[in-house]
Each structure stands twice: as structure tokens, then as C-alpha cells.
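Notes for the one structure printed next.
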Amino acid sequence: MAQPPIDEPRAAWAVGTVMAVTPCSARDARRVLGAAAKAAGITSAEVAAAMAAHSRGVAMPARVERALFRAVATARSVSPREACVGLMPSRARTAEVLAEFRGCQSRLTAAPSDMRARQALDDAAYTLCVLLGRTSVHDAVLAAEQHLTTQA
């Protein structure tokens, strides 16, 4: 069943919030919202509305909160994969790209509906994934952090 479109300002805010906390791309954030909606038996617009109300101090319905928590946890889960065979980027470049990603993530956390901040995080996430040869943003962040903490 197709989800009805979400009210754009609320959708932008909800997508931005999910992107910032998961971390993930905008496309994956929309999938997280859709998965949470499906699990809770409501629409994505209703999930976005519950998130917005929660940010203003209104308790989120338990089934929506559980569904959203599970959808975010699923998006964060790293599929088992063999160690990357290939050249790793320099630690300096990895640190630079990870710092850019974290800066974009902070800006989006402060203003989840800011389309420029959302696009900047999407771009930084894509760069991090390509740099580390990973397909999920969360996996790329973990790989970057591990690469920076391992000894040469």
C-alpha cells in the first residue's frame, strides 16, 4: 500500500532528524519512517507528526516509539562483511571526511528541516561511503572510526 505524501515542512524535519541520529542518507531516512509507519500501522505522515509533537514535549504513542526505535536500530545494523580488501585511504583524509560528516550531522541536528544541511549531510555521507568502500552510512562511519583508532 502506497504511503500518502507527508506535509513537506514536517517531512523535511522528520527526515532530517532521522538522518542526524541514525546516521543515514535522506533516502534511507524516508525508508526508516516508512518502516516505522508500517510497523505501527499508521502513515509516514502520522509518524512525522508524532515525532514533531514529541519534540515539543508531547508523549509519543508507545507503539509508534517502539516502531521508530526498531526501524532506526535496523538501519544502524551492520551486515556481516569480510574485511575490505583494497587500499585504505590515508588517516588524514579519513579524519577530514569524518570531521566534515560530523559537522554536517551537527548542523542538521540543530536544524532538521534545513534542506541545505540535509543535502550537505547526504553529500558527506556519500563521500564517506565511497572513501571507505561501504554501502551503508553507519557502516562507513564505524569503518572510519576503526581506521583512525588502529595502529599503523
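Computed over protein heavy atoms with a 1.4 Å probe, the carbon and sulfur contribution to the accessible area of the chain reaches 58%. Computed from point charges on the beta carbon alone (+1 for Lys and Arg, -1 for Asp and Glu), the dipole magnitude for the chain about its Cα centre is near 240 Debye. When each full DSSP H helix of the chain is screened for a Cα extent of at least 20 Å along its own axis and an average Kyte-Doolittle hydropathy of at least 0.0, the helices passing are 62-76, 115-132.
Peptides 53-66, 96-109 ranked from most to least packed by the mean count of surrounding Cβ atoms within 10 Å: 96-109, 53-66.
The values are calculated or read from the model by the stated rules, or taken from the named source; none is laboratory data. Computed from a predicted model, the values in this text were never measured in an experiment. Note: ideal-geometry Cβ built from the backbone for every residue, glycine included; neighbour counts use all protein chains shown. Heads up: the accessible areas ignore ligands, DNA and RNA and are worked out on the full protein's heavy atoms, side chains in. Shrake-Rupley method; radii C 1.70, N 1.55, O 1.52, S 1.80 Å.
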